[in-house]
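Written out below as structure tokens is the structure these notes cover.
What follows draws every value from the coordinates through simple rules; no lab data is involved. All values derive from a computational prediction rather than experimental measurement. Backbone-built Cβ (ideal geometry, glycine too); neighbour counts: all protein chains shown.
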Amino acid sequence: MSKPNNANPRTWRACMVCAAVQSEQQFRNRGCPNCDDFLELRGSVDAIQDCTSTVFEGVITLTDPMGSWVAKWQRLQGYVPGMYATKVVGILPNEYISACENAGVKYIPRDGSSIEDEQ
């Protein structure tokens, strides 16, 4: 995963599932580097709008997601190296939560809340 191709961080978006940070164009061209198999963001403006957010806090760069204590703390172990938000604000639609579950991925909101808080 490379740095978002737009130098203006205000145009960056973060995946609500894995917190990967990219420009909207990168999500459109490449999809999410961790979640595209089940979110299918590549080429879908609607899915990008539903599954990514422009409202996020902090950006960290991971070069060794398997060995980094920061990756463990942020629940990023096993993801590809790259840029990640520390907190992502947004509500992932139920159809995408189901897609996560069907892919064997436990969805945990990255905004500091938990699914149990919402029920």
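Report, to two decimal places, the Cα Rg of the stretch 50-110 normalised by 2.2 N^0.38 Å (N = number of residues).
Numbers: Rg = 12.4 Å, N = 61, 2.2 N^0.38 = 10.5 Å.
Dividing the Cα radius of gyration by 2.2 N^0.38 Å gives 1.18.
If you split all Cα-Cα distances of the stretch 3-97 into 10 Å bins from zero, what percentages do you get per bin, shortest first?
18, 52, 28, 1
Which of P93, W12, V45 sits closest to the plus end of the dipole of the chain, meaning its Cα is farthest towards the positive end, when Lys and Arg get +1 and Asp and Glu get -1 on the C-beta?
W12
Could you give the dipole magnitude of the stretch 9-112 about its Cα centre, charging the beta-carbon of Lys and Arg +1 and that of Asp and Glu -1, in debye to the nearest 20? Mind showing how you got there, number by number?
On the way: 10 positive and 11 negative charges, 67 e Å.
Here the stretch 9-112 has a charge dipole of around 320 debye.
Tally Lys and Arg at +1 and Asp and Glu at -1 over the other residues with C-beta under 14 Å from the C-beta of E40: what net charge comes out?
Numbers: positive: R28, R30, R42; negative: D36, D37, D46, D50, E95.
For residues surrounding E40, the net value is -2.
With Cβ to Cβ distances under 14 Å as the rule, what net charge do the other residues near Q77 carry (K, R +1; D, E -1)?
Values: positive: K72, R75, K106; negative: D64.
Computed value for this residue: +2.
So if each residue of separation counts as 0.36 nm, and I subtract the Cα-Cα distance between E95 and M66, what length gain in nm does that give?
Details: separation 29, 0.36 × 29 = 10.44 nm, distance 2.94 nm.
My answer for the length gained is 7.5 nm.
Set the Förster radius R0 to 25 Å, insert the Cβ-Cβ distance between W73 and Y107 as r into 1/(1 + (r/R0)^6), and round the FRET efficiency to 0.05. Walk me through the intermediate numbers first.
Numbers: r = 19 Å, r/R0 = 0.75.
That pair, W73 with Y107, gives E of 0.85.
Note down the net charge around T86, summing +1 for each Lys or Arg and -1 for each Asp or Glu among other residues with Cβ under 9 Å from its Cβ.
Details: positive: K87, R110; negative: E57.
Local charge sum for T86: +1.
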